[in-house]
């Protein structure tokens, strides 16, 4: 986490005064069905792993010149931890950790003002909030994940592909600053967890897709507001 924070700060400092960037923070609610089923079968009771996590994302803002379609290339960090009792050989406690560092592209489409050309995304509350600020969002990307199930060296690293759909609304506070509540559903496809089986002295790769509900807030800075837009 400390390493990622340092990289995040350095990235922000490297952006010019013309930058248009934002920081997103979200609470995530996760479901990894195959991992949950495997653990539940092994310990004889219903159990889930990585049920919640937090995400921190730095994005950069671009848009089409004549339509309100906006693009956000981004880098992100996600972390989930769980403490499960009576798990594994010997029935001891086990701490599971999931760390993900990724890159992706998010797209915002303002369906109610598609051909508009307001001073967005920070428009100082001018015009109807829903018309000017509501958007649908979608995204794709990939994360490098480090997963630890139990103690010792039971850890692996893989690149996991993700895709998301959601919606949000921009709330312009000033010409320079926007806050954006958003909610999205994100899916990681076939995430490897081969060392999960090692916790139970089993064999094979226990992979699972992860379905994730994200509820979050974006803080956007429009430092280029007084300059011509592309």
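Just so you know, all these numbers are worked out from the coordinates, no wet-lab data involved. Since this is a predicted model, take the numbers as computed values, not measurements. Note that each Cβ is placed from the backbone with ideal geometry, even for glycine, and that neighbours are counted across all protein chains shown.
Structure summary
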| quantity | calculated |
| --- | --- |
| Virtual spin-label span in nm between residue 179 and residue 107, 7 Å along Cα→Cβ | 3.0 |
| Label point distance in nm, residue 54-residue 66, each placed 7 Å from Cα along Cα→Cβ | 4.5 |
